[in-house]
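What follows is a short report on a single structure.
The values are calculated or read from the model by the stated rules, or taken from the named source; none is laboratory data. None of these values were measured; they are calculated from a predicted model. When we count neighbours, we look across all protein chains shown, and the Cβ atoms used for this are built from the backbone with ideal geometry, even at glycine.
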Amino acid sequence: MRFSKMLSLVCVVVLVSALLSPVCAAQTPKYVFLFIGDGTGIPQRMATELIVKGEGGEGLLLNRLPAYGVTTTRSFNSLITDSSSAGTAIATGFKTVDGYVGVDPEFKPLETIAEMAKKKGMKVGILTSVSMDHATPASFYAHQESRNMFYEIALDMAKSGFDYFGGGALLDPDGKKSKNPGKNAYDIIKEAGYSIFVGREEFGKITKEAGKVYAYNDRLDSSMALPYSIDMKPEDITLAEFTQKGIDLLADHPQGFFMMIEGGKVDWTCHANDAATAVKEVMALDEAVKVAYTFYEAHPEDTLIVVTGDHETGGLTIGFAGTQYDSYFDLLKPQKISYDDFTKTVLKEYKETHAGKANFDDMIPLMKEYFGLEMEGEGRLVLKDFELQELKEAFVQSMSGVKVNVGTIDYLLYGSYDPFTVALTHILNQKAGLGWTTFSHTGLPVGTSAVGVQCEQFNGFYDNTDIAKKFISIMGLEPTKVASIN
Ligand SMILES: [Zn+2]
């Protein structure tokens, strides 16, 4: 083949593949999705990717978006941020002190991109798999001195005027932990014009005629969050379903919408060092991204999707001394239950029925049933002598009920979690070739990926405050000066 002919063939191939692959369109987006995986750093994205691929899947959509950047996460006062300062940075473009929500280090309110979008005439949706008054969703609508002021945050939710809230319920609706308790927060939210829908049946009946909507699942954990994906039942509403509902409710608005969707429990399970549960949570977030992506495919010139994390949690890494250069991710598959459900149901029931007569041998069938760990045989799930020793010591600690304090050797082993459960997930994760360094957050940067209008702006290395600045520029938002909102 002549060189010029070959060159033109190459050009055609490049052109065709450019037309087929997602590109970053140029104008102002009408439909904007911001996904935040709480505690979802590059290790969480990568470990899940490898595990999904190992099961014959094509990997995570959130890792295959055409733009990919690395985002630093430090807060105003710490290299290792918390979710409220990180959420505030992403939502406002300003650093603040850990624990503060939507306010600067001097407690002055900071306008959020969600509020700016609302001011511009867009509809706004805030979705999360944890409680609606939790740090990350609150960072987009609330302005409070502490992330723990749940009652005040719920009142800010009522005041926001946003169009759709979906996910978990409220932690302190009656203001029992508030210095200024008042009327029930759900009633105040209703008085502010919201219709509240609880559970799948009511959720299925929500239509655009409902006006402003707050929908939450009726089966919630003790923190008013959705159950872990690994523990979900068919009646539970998934983050992907909450996302689809947002599209159904908001998309035909002439000025479009801004939706923030948080996968909040990746963080919680990584605090507890439970990789199998974390993988399922990242997959649930990816399912929600897929819903947005299907919408993007129908509106490629008008849609922007960004997927980031607020920080990494747990110090998860791929590679463990015990497995050297190998990994065996399929070993996570037999785990059938989250650390949380195992502690709060299986182990709790055992403790209640075996007070004073606890015996490690009773755990053998439970370890097999819920985690696939075996006492004898040939496979990699068979416990080695030193692993059995670790489990026996953790079992004694667990049954003693003694609280583990920070600064002790036991804290390094178990954090503030049930010792036996942590020992189980540690051993299973290590057998798979995954390691953890902490029960807290880390200072690792996170990955940010994007597709759609001006998505190329999310390539490169930048700070979490730059995410808000990029949204302001791309969406043509007009921030009011700091501290000028009430
Ligand atoms: Zn956390």
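Below, the figures for the structure above:
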item	result
Residue check for Leu388: in a helix (DSSP H, G or I) and surrounded by fewer than 18 Cβ atoms within 10 Å (Cβ to Cβ)	yes
Breaking point among (1) away from the ligand (no atom under 16 Å from the Cβ); (2) buried (at least 20 other Cβ atoms within 10 Å of the Cβ); (3) within 24 Å of Val453 (Cα to Cα), for Leu110	(3)
Neighbours by Cβ (under 7 Å, 6+ apart or cross-chain): first from region 302-323, among the hydrophobic types (A, V, I, L, M, F, W, C); second assigned to a loop (DSSP other than H, G, I, E, B) and within 16 Å of the ligand (Cβ to nearest atom)	Leu316/Trp436
Single match in Gly452, Gly435, Gly415 (criterion: surrounded by 23 or more Cβ atoms within 10 Å (Cβ to Cβ), touching a helix residue (DSSP H, G or I) at 6+ places or on another chain (Cβ under 9 Å), modelled with pLDDT of 95 or more and not β-branched (Val, Ile, Thr))	Gly452
Subset of region 38-59 (residues that are within 16 Å of the ligand (Cβ to nearest atom) and on the phi < 0 side of the Ramachandran plot)	Asp38, Thr40, Gly41, Pro43, Gln44
Any hit, region 169-186, residues being buried (at least 24 other Cβ atoms within 10 Å of the Cβ), touching a residue at least 40 places away in the same chain (Cβ under 8 Å) and part of a loop (DSSP other than H, G, I, E, B)	no
Residue satisfying condition, being assigned by TED's automatic domain parsing to the domain that holds Gly37, surrounded by fewer than 24 Cβ atoms within 10 Å (Cβ to Cβ) and polar (S, T, N, Q), within set Ser139, Ser129, Ser146	Ser146
Residues being within 16 Å of the ligand (Cβ to nearest atom) and not basic (Lys, Arg) - total across region 239-274	12
In region 338-385, the residues that are acidic (Asp, Glu) and not in a loop (DSSP other than H, G, I, E, B)	Asp340, Asp341, Glu349, Glu352, Asp361, Asp362, Glu369, Glu374, Asp385
So Gly69, is it within 24 Å of Lys176 (Cβ to Cβ), more than 14 Å from the ligand (Cβ to nearest atom) and crowded, with 21+ Cβ neighbours inside 10 Å	no
Single match in Val402, Val406 (criterion: free of Cβ contacts under 8 Å to residues at least 24 places away in the same chain and either within 16 Å of the ligand (Cβ to nearest atom) or in a strand (DSSP E or B) (or both))	Val406
Residues (in a strand (DSSP E or B) and either within 16 Å of the ligand (Cβ to nearest atom) or of a type in the set (Val, Ile, Thr) (or both)) located in region 439-475	His441, Thr442, Val446, Thr448, Val451
Number of the exception - Lys333 against (1) farther than 22 Å from Glu387 by Cβ; (2) under 22 Å from the mean Cα position of the chain (by Cα)	(1)
Any hit, region 79-91, residues being more than 16 Å from the ligand (Cβ to nearest atom), touching a residue at least 24 places away in the same chain (Cβ under 8 Å) and over 30 Å from Tyr328 (Cα atoms)	yes
Flag if Ala192 is surrounded by 18 or more Cβ atoms within 10 Å (Cβ to Cβ) and either touching a helix residue (DSSP H, G or I) at 6+ places or on another chain (Cβ under 6 Å) or modelled with pLDDT under 95 (or both)	no
Inter-residue pairs, beta-carbon under 7 Å, first of a type in the set (Gly, Ala, Ser) and in region 433-447, second more than 13 Å from the ligand (Cβ to nearest atom) and in a strand (DSSP E or B), 6+ apart	Gly433/Ile318; Gly435/Thr317; Gly447/Tyr68; Gly447/Val70
Some residue of region 371-393 being away from the ligand (no atom under 16 Å from the Cβ), free of Cβ contacts under 8 Å to residues at least 40 places away in the same chain and within 29 Å of the chain's Cα centre (by Cα)	no
All positions within region 290-304 that are buried (at least 18 other Cβ atoms within 10 Å of the Cβ) and either out of contact with any helix residue (DSSP H, G or I) (no Cβ under 7 Å at 6 or more places or on another chain) or assigned to a helix (DSSP H, G or I) (or both)	Val291, Ala292, Tyr293, Phe295, Tyr296, Asp302
Residue that is farthest from Thr421 (Cα to Cα), among those in region 309-337 that are part of a loop (DSSP other than H, G, I, E, B) and within 16 Å of the ligand (Cβ to nearest atom)	Asp310
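Matching residues to (1) polar (S, T, N, Q); (2) assigned by TED's automatic domain parsing to the domain that holds Gly37; (3) part of a helix (DSSP H, G or I); (4) surrounded by fewer than 22 Cβ atoms within 10 Å (Cβ to Cβ):
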{"position": "Ile206", "(1), (2), (3), (4)": "no, yes, no, yes"}
{"position": "Arg219", "(1), (2), (3), (4)": "no, yes, no, yes"}
{"position": "Pro234", "(1), (2), (3), (4)": "no, yes, no, yes"}
{"position": "Thr243", "(1), (2), (3), (4)": "yes, yes, yes, no"}
{"position": "Phe258", "(1), (2), (3), (4)": "no, yes, no, no"}
{"position": "Ile261", "(1), (2), (3), (4)": "no, yes, no, no"}
{"position": "Trp268", "(1), (2), (3), (4)": "no, yes, yes, no"}
